[in-house]
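What follows draws every value from the coordinates through simple rules; no lab data is involved. These numbers come from a predicted model, not from an experiment. Using ideal geometry, Cβ is built from the backbone for each residue, glycine included, and neighbour counts are taken over all protein chains shown.
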Number of protein chains: 4
Amino acid sequence: MAGYGEWRCRVPLRVRFGETDAVGVANNAVYLSWFEVGRIEYLRSTGHDYAKVHAGGIDLVVVEASVRYLKPLRFDDEIDLHCWCSRLRRASVEFSYELWSRNVLCAAGSTLHACVDRSRMAPVRLPGWLVEILPADPPG
Amino acid sequence: MAGYGEWRCRVPLRVRFGETDAVGVANNAVYLSWFEVGRIEYLRSTGHDYAKVHAGGIDLVVVEASVRYLKPLRFDDEIDLHCWCSRLRRASVEFSYELWSRNVLCAAGSTLHACVDRSRMAPVRLPGWLVEILPADPPG
Amino acid sequence: MAGYGEWRCRVPLRVRFGETDAVGVANNAVYLSWFEVGRIEYLRSTGHDYAKVHAGGIDLVVVEASVRYLKPLRFDDEIDLHCWCSRLRRASVEFSYELWSRNVLCAAGSTLHACVDRSRMAPVRLPGWLVEILPADPPG
Amino acid sequence: MAGYGEWRCRVPLRVRFGETDAVGVANNAVYLSWFEVGRIEYLRSTGHDYAKVHAGGIDLVVVEASVRYLKPLRFDDEIDLHCWCSRLRRASVEFSYELWSRNVLCAAGSTLHACVDRSRMAPVRLPGWLVEILPADPPG
C-alpha cells in the first residue's frame with residue numbers, strides 16, 4: 001500500500017521581488033500563498049485539478065493554517081515546496097508543507113480544510129473520488 | 001454646475017509592511033491596489049457602492065491602467081489618496097488618482113473602465129443612474 | 001495592575017477588492033497581512049512605533065503564525081481587528097488577534113516573534129523599554 | 001546585428017488562486033507583479049541577474065508603468081509572459097511585456113526605469129556593461 005512519501009508533490013518556486021518586504025526577506029503572509037500553490041499542484045499531480053473539485057459542487061474551505069518560519073528566504077532564492085496529504089477524515093482533509101532551499105528546511109506548516117457543499121456552504125463528507133486519490137492509510 | 005474639484009474623493013491610507021519590498025519602498029504593483037481602493041471609495045462617496053454597480057448586472061472592467069511614480073513611499077508613510085472621474089463616455093469611464101504624502105505628490109495615474117453586461121461580458125452603455133452621479137461636465 | 005483587556009488595540013479595516021479571491025471571499029493568506037497591520041498599530045498605540053524597535057538595533061522576527069478561519073469575509077466587509085500581547089518571555093513575544101465583523105468573530109490567530117540582534121541575526125533578550133510597554137502580568 | 005526578437009525573454013507562469021479576485025479573474029494589480037518577474041528573468045537570461053545590478057551600486061527605479069488588459073485571465077490559466085528591452089537611453093531603460101495564453105494576447109504593457117546611484121538616489125548614466133547586454137540598436 002502506498003506510503004506518504006510516494007504522494008509528496010514537489011513544486012519549484014522562486015521568491016519574487018514583490019514577495020519580499022522592507023526587511024529584505026519574503027514576507028510572512030506570502031508563505032500561505034505558496035502553500036495554496038502547493039496543494040493545487042498536489043491535486044493536479046493526482047490527475048484531478050481544482051476545477052474538478054469545484055465542478056463537483058463542493059469546496060475545500062481553509063479552516064486552519066499554521067506556519068513555522070525556520071530560515072529567512074530572500075529575493076530570488078529557489079524554493080523546493082513539498083506538499084502532501086497528512087490527514088484524512090470524513091469531512092476534512094489536512095495538507096502539510098515544507099519549504100526547502102539549498103537543501104535546508106526553511107519553513108513548514110499545514111492547512112486544514114473542511115469539505116463543504118457550495119450551494120449551502122454546509123459541511124459534507126469528502127466525495128469518494130477524492131478519498132480515493134488521497135493517501136489510503138493516513139496516520140491520524 | 002459642479003466642477004471636478006468638488007467630486008474629488010480623498011482616502012487616507014498608510015503603507016503596510018507587506019506592501020514594501022526589499023528595496024525598502026512600496027512595491028510598484030501595490031499602487032494599482034490603492035487605486036482600486038480609491039475608486040471604490042469614490043463610488044461609495046456618491047452614495048452608490050460597488051455592490052450596487054454589480055447588482056445592476058453590469059461591471060466596470062479595467063481595460064487600461066497607468067502609474068507615474070514620482071517619489072518613493074516607505075513603510076508606515078501616511079498617504080492621502082485622491083480619486084476622481086476624469087472622463088465619461090458612452091460605454092467607458094476613466095478615473096484619475098493622485099497619491100500625496102506630507103503634502104508632496106508622490107504618484108499619479110489613471111484607469112480606464114469599460115462598462116460590460118456581466119451575463120454576456122459585452123460592452124454596453126453606462127446606465128443612467130451611473131452617468132448621473134459622475135461629473136456632469138467632463139472635459140474630454 | 002493593568003489586565004489584558006486594557007491593552008487590546010483595535011484597528012478598523014475593510015476587505016479590499018484585491019484581497020478577495022475567485023471564491024468571492026478574502027483569501028486565506030491576507031489574514032496574516034492584517035495581523036501584521038494589527039501588531040504595528042498595537043506598538044504605535046503604546047507610543048512606540050515599529051521604527052523605534054528597528055532603530056534600537058533589534059527586530060521581532062516572526063517564527064510562528066497560525067490562523068483559525070471561522071466565518072468567511074467578503075469584499076467591502078468592515079472588520080474590527082483586535083490585537084494584544086498574549087505572552088511575554090525573555091527573548092520572545094506572542095501577539096494574538098481576533099477579526100470581528102458585525103459583532104461576529106470571523107477569525108482568530110497568533111504570531112510568535114523572536115527578538116533578534118539585527119547585525120548578527122542572533123536571538124537576544126527583549127530590551128527593557130519593550131518589556132515595560134507590554135502587559136506587566138502575562139499569563140504564560 | 002541582433003534584432004529585438006532575439007532578445008525577447010519568455011517566462012511561463014500560471015495564474016495563482018490568490019491572484020484572482022471576487023470577479024473570478026486575475027486582479028489588475030497582479031499584472032505589474034508579473035511584469036517584474038519578467039524583467040528579472042530577462043536580466044537573468046542575459047547572464048546578469050538583478051543581484052549584479054544592485055552590487056554595482058545602482059538601481060533601476062520604476063518611474064512609469066502601464067498595462068492594457070485585453071482578455072481576462074482566470075485561475076490556473078497558463079501564461080506565456082514575453083519581456084524585452086524596448087528603449088534604451090542615457091539614464092533610463094524601458095521594458096515591454098506581453099501576456100499570452102492559449103496563443104491569444106491577453107495583456108500588454110511597459111515599464112520605464114531610471115538608473116539611479118543607490119547611495120545618493122540620484123539619476124546616473126546606465127553603466128557600460130548594462131548597455132552592452134541590452135539591444136544594440138533600439139528603435140526609439
- Where the label is 7 Å out from Cα toward Cβ, how close does B:ASP76 come to the same position in every other copy, in nm, shortest first? 3.0, 3.4, 4.4
- Query: Once Lys and Arg get +1 and Asp and Glu get -1 on their Cβ, which of B:CYS9, B:CYS115, B:VAL61 lies farthest toward the positive end of the dipole of the range B:5-133?
  - Reply: B:CYS115
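Can you tell me the dipole magnitude for chain C around its Cα centre, using point charges on the Cβ only (Lys, Arg +1; Asp, Glu -1), in Debye to the nearest 20? It would help to have the intermediate numbers written out before the result.
Details: 17 positive and 17 negative charges, 47 e Å.
Around 220 debye, computed over chain C.
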- Helix-only [θ]222 nm of chain C, DSSP H runs n ≥ 4, -39500 (n - 2.57) each, per residue, nearest 500: -5500 deg cm²/dmol
- Item | Residues with amide H under 5 Å from that of D:SER92, placed H, sequence gap 5 or more | D:CYS115, D:LEU126
- For B:ARG14, which inter-copy label distances result when the label point lies 7 Å beyond Cα on the Cα-to-Cβ vector, reported in nm to one decimal and in ascending order? 1.7, 3.6, 3.9
- Item | Dipole magnitude of the protein assembly as shown, debye to nearest 20 (Cβ charges: Lys/Arg +1, Asp/Glu -1, about Cα centre) | 0 debye
- Note on the structure: Shortest first and in nm, the label-point separations between B:ALA51 and its counterparts in the other identical copies (7 Å out along Cα→Cβ) come to 3.2, 3.8, 5.0
- For the protein assembly as shown, just say rounded, prolate or oblate: build the C-alpha gyration tensor, square-root its eigenvalues into a ≥ b ≥ c, call rounded for a/c under 1.5, and beyond that prolate if a/b exceeds b/c, oblate if not. rounded
- Task: Take chain D, connect every pair of alpha-carbon atoms lying under 10 Å apart with a spring to form a Gaussian network, then pick out the residue of D:VAL15, D:VAL104, D:VAL93 with the largest mean-square fluctuation.
- Result: D:VAL104
- Rounded, prolate or oblate: which fits chain C when a ≥ b ≥ c are the square roots of the eigenvalues of the alpha-carbon gyration tensor, with rounded for a/c under 1.5 and prolate only if a/b beats b/c? prolate
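What are the trypsin sites (Lys or Arg not before Pro) within the range C:19-109 that DSSP puts in a loop, where the Cβ has at most 15 other Cβ atoms within 10 Å?
Passing sites in the range C:19-109 are C:ARG89, C:ARG90, C:ARG102.
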- Query: What residues qualify as long-range amide H neighbours of A:THR20, i.e. H under 5 Å apart, gap of 5 or more or another chain, H built at 1.01 Å from N?
  - Reply: A:ASN27, B:ALA22
